[in-house]
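The values are calculated or read from the model by the stated rules, or taken from the named source; none is laboratory data. All of these numbers come straight from a predicted model, not from anything done at the bench. Counting neighbours? That spans all protein chains shown, and the Cβs are built from the backbone with ideal geometry, glycine included. Accessible surface areas use protein heavy atoms only, side chains included; no ligands, DNA or RNA. Shrake-Rupley method; radii C 1.70, N 1.55, O 1.52, S 1.80 Å.
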Amino acid sequence: MCIRDRYSENFDGILFADYNGVPTPPKRMIQDGCSLLILVGCEGGFSTAEKAELSEYGAVPISLGNSRLRTETAAVTAVAKLLIWSGNV
């Protein structure tokens, strides 16, 4: 997966959708001008190994709510929640 080599140098933070994630990302990640990489896994979610690797690179798991979402819906939900969290809606 090697997130650091390919992406982390280009972003201020990495978030990934996880049912048990935090309800909101850290404040440093939702400031104006912050560049984020948001990852959404397949419908089964990220594997334990993938979550561990993402955590090694400082990725923060975020919850998208209590419902299980299809991949396409999860991506739209993640962006909408980010806009709400940052106060840009």
Of the residues in the range 14-32 that are touching a strand residue (DSSP E or B) at 6+ places or on another chain (Cβ under 8 Å), in a strand (DSSP E or B) and not charged (D, E, K, R), the one that is surrounded by the most Cβ atoms within 10 Å (Cβ to Cβ) is 15
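A quick yes/no check of all residues on (1) touching a Gly at 6+ places or on another chain (Cβ under 6 Å); (2) modelled with pLDDT under 85:
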residue	(1), (2)
15	no, no
24	no, no
36	yes, no
45	no, no
74	no, no
81	no, no
89	no, yes
Keeping to the range 36-69, report how many residues are under 20 Å from residue 87 (Cα atoms) and over 12 Å from the mean Cα position of the chain (by Cα). 1
So, residue 78, is that one aliphatic (A, V, I, L, M), more than 19 Å from residue 12 (Cα to Cα) and outside any loop (DSSP other than H, G, I, E, B) or not? no
In the range 57-73, what residues are surrounded by 13 or more Cβ atoms within 10 Å (Cβ to Cβ), in contact with a Lys or Arg (Cβ under 9 Å, 6 or more places away or on another chain) and of a type outside the set (Ser, Thr, Tyr)? 59, 61, 62, 64
Does residue 86 fit the bill of being closer than 10 Å to residue 18 by Cα, among the hydroxyl-bearing types (Ser, Thr, Tyr) and open to solvent by less than 50 Å² (accessible area, probe 1.4 Å)? no
Would you please list the contacts, defined by Cβ atoms under 8 Å and residues six or more apart or on different chains, that run from a residue in the range 44-70 that is touching a residue at least 24 places away in the same chain (Cβ under 8 Å) and under 15 Å from residue 22 (Cα atoms) to a residue that is open to solvent by less than 50 Å² (accessible area, probe 1.4 Å) and of a type in the set (Ser, Thr, Tyr)? 58/8; 64/77
Is it true that residue 50 is of a type in the set (Asp, Glu) and modelled with pLDDT of 90 or more? yes
